[in-house]
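Read through the structure below, which is laid out as structure tokens, and then see the notes.
Bear in mind these aren't lab numbers, they're just calculated from the coordinates by the rules spelled out. The model shown is predicted, which means the values in this text are computed figures rather than measured ones. Virtual Cβ from ideal backbone geometry, glycine too; neighbours counted across all protein chains shown.
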Amino acid sequence: MSVMSKIKETIICLKAGRVTMPYPAQPQPVPPAFRGRPIFDATKCIGCGGCASNCPAREILVLDLCQEIRIIKYLGRRCAYCGRCADVCPEKAITMSKEFENATNSIGDIGQRLELFMSTCQRCGRCFTEKTPLEQLKMKGYRFDDIQNDRWIFRSRGYLGDEPFTSDIKIEMD
Amino acid sequence: MNDSVIITISIGLANIVMALLLAPFCQGVMRKVTAIIQSRKGPPLWQPYYDLLKLLGKEDIESGDSPVMQRAAVYMSLATVLTIACLIPMGLSAPMNSAGDVMLLIYLLTFSGICTLLGGLAAGSTYSLIGISRQMMIMIMLEPLFTVAIIVGAVHAQSFRLDTVLDGSVYMNRGFPWSGVIMLVIMLLSFQAFVERVPFDISEAETELMEGPLIEYSGPKLAVFKYASMVKLIIYSALLIDIFFPWHGGISMPLQWMLFWLKIFCLVLLAALVAATHARYRIDQAVRFFALLLAVGLAAVVLAGFGY
Amino acid sequence: MLKNLCKKMFGRSLWVYHANSGGCNGCDIEVLNVLTPYYDVERFGIKLVGSPRHADVMLCQGPAMRSTATALLRAYEAMPSPKLVFAIGSCACGGGIWHDTYSVIGPVEKILPVSYYIPGCPPRPEAIIYGVAVALGLAEKKIAPVSSKQPEYEIPMYHPGDPVKGSKG
């Protein structure tokens, strides 16, 4: 217990002054490469669903309401702010903003929902789909999630539509 | 006759009321000084008042092995601390001066420590039992120190009366008071342990994660325990000042009272500085430290007996 | 009258109990950062206590796991009312990246009623202080659900009878 070292320690700490940042009173600058909340831009999105396939927390849900309208819903609950969705998006419609002040008292506040118009083919009047179900299984991003209950659907049925694609063969659904 | 009674009562009340109201403020000063030394902006000075008021408004959960002893420990602790506050002159003369002598004071000081032990025993959880066993070890070493200081004063003043002993008695009479100076050094070294602060707050808040004997208390009972601990800071400071440096010869009344409170704040500041720059001791290191101090204290009593 | 004063003082001195029920400790370190001199949260009167019986707020971190679910519930029931629960980090808010593993039940709200959510992985210390400020009423909530729509438009169909540039007939 040497007194001199304690006195020296006190003088060092007092020289530093008060280093506390006055945070809620003044805004804080963020580092340049900071990844905050992702922002989805509906004007650029083409509805490919690549973000939904790549999300490691499975937070982005995709559902086709009808042939022309596709809904993409981002529930922010489990989002780990990894930035994979922004990396994968071919149109750069997702940006990782610098916002970190996301506290809320109701978890549904963080969600973002996009309603997208998928334009139809001018010749046949249908949206672009693959010919056979096998081809559709290979295509990334074609999904059938349960938006009402905010759930990802794992079943392979999701890759097939509800209506049959060929009229001469009957396909059994599970 | 009426006037003098009223004056006596109001003096006594002013004595205690000041002490009771300022106890959380002294704790607030300690927290703020600790924060300044740690280079941060600390809580506001009135923070302990907010803490106590908030605790009074919370639900009271009675748990642990025996709720009866839990309640009893709380009330006895507050009662003991308030009684001691009535017995010590704090700038003005004590209101219950003639209620007892020095022996009563010594026993009450020990009893206030026992109330914490009872509180921990009522909880019955492992953490509180470890806390009270450590508190018992510390009390065995510590209470004799204060007793020795008071007895040195009593020996010098040749009496056991409260107002004589608590009046700078260690410096009275013949020659250079060697025993007085030795006791002063010993008391300053062990002051931190009496007021239950770092480096010696081994029982309470030590298992710093579990708060030791207070682990099962919640709401108003916790508020009472915390308040008793804050008042203990003032009581021990007042005792130290009264026995060792009263120094009020020749100063008129209101100035003398303010000088007393200034001295109390200096002691609180000293305690805060020591608390902020030290780490907590282990129980065996603390026991060894106090054993050494106790041996020196007993030597001081022998010296006092011989007139030094 | 004393009751009102006590209620008002609740916001000025919150005592916090930290409960990590199976997380990766990233949010633990951010909570520890918040108590350091740089982001000092003690200036709001917030103190870390070791026993749930002394605490007003439980900071939950990490998803609710099968092994720690009962312990978490017991700690919550040991707190005297009025009490709040803050869920810190993506794991506590929604289950996190680990939401479908074998030992995770889900987010903390499957076991306890949560009052405030502070998402992030891990949330910055400023984000945690902002969450506390929102809870105390010192700041406004900045987030709201966003819903956007692409405009629908008529797509002209292609008929084989239409004259096409450069083709015959």
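Taking amide H as placed 1.01 Å from N in the peptide plane, C:Val85 has its amide H under 5 Å from the amide H of C:Met58, C:Ser115, C:Tyr116, each at least 5 places away in sequence or on another chain. The stretch B:257-308 to the stretch C:11-68: how many Å between their Cα centroids? Answer, in whole Å: 36. Using the Cβ-Cβ distance between B:Tyr107 and C:Ser115 with R0 set to 60 Å, the FRET efficiency works out to roughly 0.80. With 21 Å as the limit on Cα-Cα distance, the pairs of B:Lys54/C:Lys47; A:Lys8/B:Lys263; A:Lys15/C:Lys47; C:Lys7/C:Lys83 that go past it are A:Lys8/B:Lys263; A:Lys15/C:Lys47. Peptide B:290-301 has a mean of 0 when you count, residue by residue, the C-beta atoms of other protein chains within 10 Å of its C-beta.
Shape call for chain B from the C-alpha gyration tensor, a ≥ b ≥ c root eigenvalues: rounded (a/c under 1.5), prolate (a/b greater than b/c) or oblate?
On the way: a/c = 1.56, a/b = 1.29, b/c = 1.21.
Taking the square roots of the gyration eigenvalues as a ≥ b ≥ c, chain B is prolate.
Determine the percent antiparallel among the DSSP beta bridges restricted to the protein assembly as shown, to the nearest 5.
Numbers: 20 of 39 bridges.
If I count the DSSP bridges inside the protein assembly as shown, around 50 percent turn out antiparallel.
Approximating the spin labels as points 7 Å out from Cα along Cα→Cβ, the A:Cys66-to-C:Asn33 distance works out to 5.0 nm. Between B:Ala279 and B:Ser159, the modelled labels are 5.0 nm apart [label points 7 Å from Cα along Cα→Cβ]. Let me know the mean shielding of C:84-95 by other chains, meaning the per-residue number of their Cβ atoms within 10 Å of its Cβ. That works out to 3 on average. The distance linking the stretch B:134-154 with the stretch B:20-36 is 26 Å (Cα centroid to Cα centroid, whole angstrom). Taking chain B as the reference, fit the longest principal axis to its C-alpha atoms, fit the long axis of helix B:220-244 to the helix C-alpha atoms, and give the angle between the two in degrees, 0 to 90, nearest 10. That works out to roughly 20 degrees.
Not counting the cut sites, what is the longest span of chain C without GluC sites (Glu not before Pro) that DSSP labels loop and that have at most 14 other Cβ atoms within 10 Å?
Values: sites that count: C:Glu140, C:Glu152, C:Glu154.
That would be C:1-139.
Cα gyration tensor of the stretch B:181-308, axes a ≥ b ≥ c as square roots of the eigenvalues: rounded (a/c below 1.5), prolate (a/b > b/c) or oblate? Can you show the working numbers first?
On the way: a/c = 2.35, a/b = 1.25, b/c = 1.88.
In terms of gyration-tensor shape, oblate.
Roughly how many whole Å is it from the C-alpha centroid of the stretch C:111-127 to that of the stretch B:74-92? So the two Cα centres are separated by 45 Å. Every Cα-Cα pair of the protein assembly as shown was included, and the share exceeding 46 Å stands at 38 percent.
Rounded to the nearest 10 degrees, the inclination of helix B:47-56 to the longest alpha-carbon principal axis of chain B is 60 degrees.
Using a Förster distance of 41 angstrom, determine the FRET efficiency expected from the C-beta separation of B:Ser133 and C:Arg74, and round it to 0.05. Working shown, then result.
Details: r = 26 Å, r/R0 = 0.63.
Plugging the Cβ-Cβ distance into 1/(1 + (r/R0)^6) gives 0.95.
When both bridge partners sit in the stretch C:10-136, DSSP labels roughly 10% of those beta bridges antiparallel. Taking label points 7 Å from Cα along the Cα-to-Cβ direction, B:Glu59 and A:Arg126 give a separation of 6.2 nm.
To the nearest ten degrees, helix B:283-305 and the longest principal axis of the Cα atoms of chain B are 20 degrees apart.
With r defined as the distance between the Cβ atoms of B:Arg288 and A:Met4 and R0 fixed at 35 Å, what FRET efficiency is calculated, to the nearest 0.05? Mind showing how you got there, number by number?
Values: r = 23 Å, r/R0 = 0.66.
Given R0 = 35 Å and the Cβ-Cβ separation, E is 0.90.
Checking the a/c ratio against 1.5 first, then a/b against b/c, what shape does the Cα gyration tensor give for the stretch B:1-65? It is oblate, given that a/c is not under 1.5 and a/b is not larger than b/c.
In debye, nearest 20, what is the charge dipole magnitude of the stretch C:10-136 about its Cα centre with +1 on Lys and Arg Cβ and -1 on Asp and Glu Cβ, if you could check?
Values: 9 positive and 9 negative charges, 57 e Å.
Dipole about the Cα centre, nearest 20: 280 debye.
Please sort A:52-60, B:236-244, B:31-39 by packing, taking for each peptide the average over its residues of neighbouring beta carbons within 10 angstrom, highest first. Write down the numbers at each step before the final one.
Working: A:52-60: 20.3, B:236-244: 23.1, B:31-39: 18.8.
Put in order of decreasing packing, that is B:236-244, A:52-60, B:31-39.
Hey, fewest Cβ within 10 Å first, where do C:Lys7, B:Lys54, A:Lys15 land in order?
A:Lys15, C:Lys7, B:Lys54
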